[in-house]
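Notes follow the structure.
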Amino acid sequence: MIDRKTSRKIGSAAETVATVLVMLYLVFPVLWMMLSSIKNPVDLFSTPPNIIPHKIVLSNYFAVLSDPKFLNAVKNSFIVAAATTVCSLMLGTLSGYVFARYRFRSKNILMVGIMATQMMPFVIILIPLFIVMRKMHMIDTYQGMILAYMTFSVPYAIVMLNAFFKSIPFDLEEAAQIDGCSRFKAMTKVLLPLSLPGLTSTGIFVFISAWNHYIYATVLSEAVTSTFPIRMQMYMAEERVIYEHMYPAAILGTLPILLIVLIFQKNIIEGLTAGGVKG
């Protein structure tokens, strides 16, 4: 018979081993990409594959960083993702506030409709969206890309911010209005500062989604507004896949997202937990 203390130790050890195995499973692809980015191109195709590079090669990074098409793609992704985030937060804040604080007819039906848009594949509206953008002469423009990305980011922002605003007691705004604040001023001076974690986490998720989006960028962008995911596709040439450039480009393209998450990780955690509790 195994006593309770020994059983707990065995259970704790099994949990630790399982956690380590899961972490290795999740981290290994990223580690493989990082190591492959500093390998000699010949070592990338060796059989059996070499996990640890025999020699560190940084020329792959220099080649990618000296490529004007890659730099232009990163710039375009940043412009489109940042503008999409700002516009989505503005519209999502106002709409989310209305849904959280006002009562009107068909409110629940409208919210269900907004949530339903998040369950539809992006490709469903791709052709109608392309036709509209072409008639408006907005193909291969920043404005067209931003408007297209807002079709999926604004509903997401409304749903998320509606939950955050509901988690904050309305009594705080009423107290501000008693002190002489208008409804709008009470929202900007009381509600929005308290909702900063929710605004930050929502903005980060919108930014990441816009940065990584591929489907709309494939159809709506060309040479001028080609984004980072489109540039990654270009490394898949007809003759072969240019792995020695694809790996460093993937690492460099991931760094902005990684830095944003590391800087605002506290706000992300607070935002995710705050939105789940209704005040």
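Every read-out reported here was derived from the displayed coordinates using simple, explicitly stated rules and does not represent laboratory data. Just so it is clear, the structure is predicted and the values come from calculations on it, not from any experiment. Virtual Cβ from ideal backbone geometry, glycine too; neighbours counted across all protein chains shown.
General observations
- Chymotrypsin sites (Phe, Trp or Tyr not before Pro) restricted to segment 77-118 and DSSP loop, no more than 15 other C-beta within 10 Å: Tyr102, Phe104
- Stokes-Einstein D for segment 1-154, Kirkwood Rh over Cα pairs, 4 °C, 1.567 mPa s (µm²/s): 60 µm²/s
- Take every pair of alpha-carbon atoms less than 8 Å apart whose residues are at least six positions apart; their mean separation over the length of segment 59-274 yields a relative contact order of 35 percent.
- Listed by chain and number, the lysines placed with their C-alpha closer than 30 angstrom to that of Lys266 are Lys75, Lys166, Lys185, Lys189, Lys278; residues fewer than eight positions away on the same chain are left out.
- The smallest convex shape that holds all Cα atoms of segment 126-279, its convex hull, gives 145 Å³ per residue.
- For Ile204, Ile257, Ile131, order by how many other beta-carbon atoms lie within 10 Å, fewest first: Ile131, Ile257, Ile204
- Distance histogram in 10 Å bins (all Cα pairs of segment 5-85, percent per bin): 15, 23, 25, 21, 12, 5, 0
- Principal-axis tilt of helix 4-36 within the chain, Cα atoms, nearest 10 degrees: 70 degrees
- Principal-axis tilt of helix 243-263 within the chain, Cα atoms, nearest 10 degrees: 30 degrees
- Its convex hull of Cα atoms gives the chain a direction-averaged projected area, equal to a quarter of the hull surface, of 23.7 nm².
- Largest-first principal axis extents of the Cα set of segment 109-179 (Å): 51, 26, 15
- Overall Cα dimensions of segment 74-137, principal axis frame, Å, largest first: 41, 25, 22
- With at most 14 neighbouring Cβ atoms within 10 Å, loop trypsin sites (Lys or Arg not before Pro) (DSSP) excluded, longest segment of the chain: 106-239
- Residue-wise HN-Hα coupling along segment 115-124, computed from phi with Karplus coefficients 6.51, -1.76, 1.60 (Hz; x: Gly, Pro): 5, 5, 5, 6, 9, 8, x, 4, 5, 4
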